[in-house]
Each structure stands twice: as structure tokens, then as C-alpha cells.
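S.K.: Sharing a structure with you now.
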Amino acid sequence: MAMLPLANEKELLKRVAQADSQAFDQLYRHYAGPLQSYIYFFSQSKQDSEEILHDVFVALWIHRGRLPEIESFKSYVYRAARNTVLNYIRKNRKSINTIILDEIQSTSSADNPLDQLTLTQNFKIANKAIEMLPPKRREVFKLSLHSRLSFEEIAIQLNISKSTVKGHYYAAVEFLKDYLKRNGAISLSFGISVAFLFNYF
């Protein structure tokens with residue numbers, strides 16, 4: 001399921017450029033969930049992913065004047081998230097596989113036709129991996145990525161504890177990352193960002 005741009009996104013970007021905090025909040029609520037999932041696959045830390053997400057949106061607000069000129073805000077904000085991950089890792093001396101770092105640095109934007117082809121070719125493999133998850137774990141994972149529900153919202157919907165939801169989600173992440181790497185489905189940087197796959201299509 002694709003994460004589509006907001007219907008009035010161009011207008012929202014113009015309003016944000018004029019310091020409209022309500023318009024900014026609409027953008028945040030639409031993109032924050034998927035972005036945090038995307039960031040987590042790089043940082044492998046919930047706390048770090050929250051801090052990085054905050055940094056991304058602070059930077060967007062600071063440089064809001066340039067937003068109306070952006071053709072694809074979705075591509076722009078994901079690229080900003082990727083670059084913020086890199087800066088955060090360097091600044092805080094976080095450990096990350098140097099291969100992953102190199103691949104993130106060389107990854108093009110989501111508008112690049114080659115990247116789109118890579119994503120398209122590997123979507124079925126990623127989907128197969130998700131279908132291999134145990135039923136409850138798969139349900140939790142899909143509610144998080146597809147429906148963009150918080151752990152607390154998923155817990156309420158499924159009538160299970162928040163800690164159980166977290167356990168299912170992070171176990172799913174580890175399985176999917178390992179499955180994609182073992183099957184050589186996609187480059188390592190894309191392999192740890194399956195969230196991006198499912199928010200892209």
C-alpha cells in the first residue's frame with residue numbers, strides 16, 4: 001500500500017513557508033509514522049529514531065522557505081531523513097556497518113528510475129517475507145507500517161499489551177532484514193529499509 005502525498009500538499013508547503021504551524025502539523029502527522037519506521041531500520045534504536053525524526057522536522061521548519069520549490073516533498077523528506085541518520089551516527093559515534101554507511105551515501109533519491117526499478121523488482125520478495133511471519137507478528141507489523149498505528153494503538157486494537165506489540169514488531173524487523181539479506185533481494189541499504197518499500201508503493 002503506497003503512502004500517497006496529501007491531496008493539498010503543494011498548498012500546505014506554501015503555508016508552511018509562511019510559518020503556518022497548523023499546516024506543518026498536517027505534514028508531520030502524515031509523514032512522521034512512516035519516516036520513523038524508515039529511520040529505525042538504519043539506526044536499529046527506537047530512542048535514536050525518535051531523536052532523528054525530531055531533528056528532521058526541526059530542520060524542515062528552519063528551512064521552510066525553500067519548501068514551495070520542491071517537486072516531490074516525499075522524496076525530499078526521505079532524503080533528508082537518510083542524511084540526518086548519517087549525521088547523527090557520526091556526531092554520536094554510533095556503531096553502524098561501514099558497508100551500510102557506504103551504500104546509504106551512494107543511494108539515489110526515490111525519483112531515480114533505477115531506484116524505482118530496484119524497488120519494483122524486489123517488492124514481491126519483501127511481501128513474501130512478510131507473509132512468512134507468524135500471524136500475530138505479521139498483523140502487528142502491517143498495522144504499524146501500512147496503517148501507521150502507534151504501538152499503543154495496536155495494543156488497544158488487538159487487545160494485547162504494548163510490550164507484546166513491541167516484541168512482535170522488532171522480531172519482525174530482525175526476521176525481514178535477515179531474510180532479505182540472505183536472499184540477496186536488494187542492496188543492503190534497501191534491505192534494512194523494508195518500511196520504505198511498503199510506504200513507497
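S.K.: Which ones in the stretch 151-201 are surrounded by fewer than 15 Cβ atoms within 10 Å (Cβ to Cβ), modelled with pLDDT of 80 or more and outside any helix (DSSP H, G or I)?
M.R.: Across the stretch 151-201, the qualifying residues are ASN159, SER161.
S.K.: List every residue pair whose Cβ atoms lie under 6 Å apart, where the two residues are 6 or more positions apart in sequence or sit on different chains, the first residue falls within the stretch 124-145 and is in contact (Cβ under 8 Å) with a residue 40 or more places away in the chain and aliphatic (A, V, I, L, M), and the second residue, located anywhere, is buried (at least 20 other Cβ atoms within 10 Å of the Cβ) and assigned to a helix (DSSP H, G or I).
M.R.: ALA126/VAL194; ALA126/LEU197; ALA129/LEU176; LEU133/ALA172; LEU145/SER37; LEU145/ALA195; LEU145/PHE198
S.K.: Let me ask you something else. Just give me the residues in the stretch 123-141 being under 17 Å from the mean Cα position of the chain (by Cα) and at pLDDT below 85, in sequence order.
M.R.: Across the stretch 123-141, the qualifying residues are PHE123, ALA126, ASN127.
S.K.: Right, something else. Return the only residue of PHE42, PHE73 being within 18 Å of the chain's Cα centre (by Cα), surrounded by 14 or more Cβ atoms within 10 Å (Cβ to Cβ), hydrophobic (A, V, I, L, M, F, W, C) and modelled with pLDDT of 90 or more.
M.R.: The match here is PHE73.
S.K.: Go through the stretch 76-92 and give me each residue that's charged (D, E, K, R) and within 17 Å of the chain's Cα centre (by Cα).
M.R.: Applying the first criterion (charged (D, E, K, R)) to the stretch 76-92 yields 79, 82, 90-91.
Listed by number, the residues that qualify are ARG79, ARG82.
S.K.: Oh, and also: May I ask you to list the residues in the stretch 52-70 that are surrounded by fewer than 15 Cβ atoms within 10 Å (Cβ to Cβ) and among the acidic types (Asp, Glu)?
M.R.: Within the stretch 52-70, just GLU69 meets the criteria.
S.K.: Only one of TYR88, TYR31, TYR78 is aromatic (Phe, Trp, Tyr) and at pLDDT below 80; which?
M.R.: TYR88
S.K.: Right, something else. What pairs come up if the first residue lies in the stretch 150-179 and is assigned by TED's automatic domain parsing to the domain that holds ASN127 and under 17 Å from GLN36 (Cβ atoms), the second is of a type in the set (Asp, Glu) and assigned to a helix (DSSP H, G or I), and their beta carbons are under 7 Å apart, counting only those six or more places apart or on different chains?
M.R.: Listed by first residue and then by second, the contacts come to LYS162/GLU152.
S.K.: Examine the stretch 43-60 for a residue that is among the aromatic types (Phe, Trp, Tyr) and more than 23 Å from LEU13 (Cα to Cα), and state whether such a residue exists. Break it down into steps so the answer makes sense when it comes.
M.R.: Quick first cut of the stretch 43-60, residues among the aromatic types (Phe, Trp, Tyr) only: 57.
Checking the rest, the ones that are also more than 23 Å from LEU13 (Cα to Cα) come to none.
No, the stretch 43-60 contains no residue that is among the aromatic types (Phe, Trp, Tyr) and more than 23 Å from LEU13 (Cα to Cα).
S.K.: Just checking, which of SER75, SER37 is under 22 Å from ALA126 (Cα atoms) and out of contact with any helix residue (DSSP H, G or I) (no Cβ under 9 Å at 6 or more places or on another chain)?
M.R.: SER75
The values are calculated or read from the model by the stated rules, or taken from the named source; none is laboratory data. All figures in this text were calculated on a predicted structure; none of them were measured in a lab. Cβ coordinates were reconstructed from backbone atoms using ideal geometry, including for glycine residues, and neighbour counts include every protein chain displayed.
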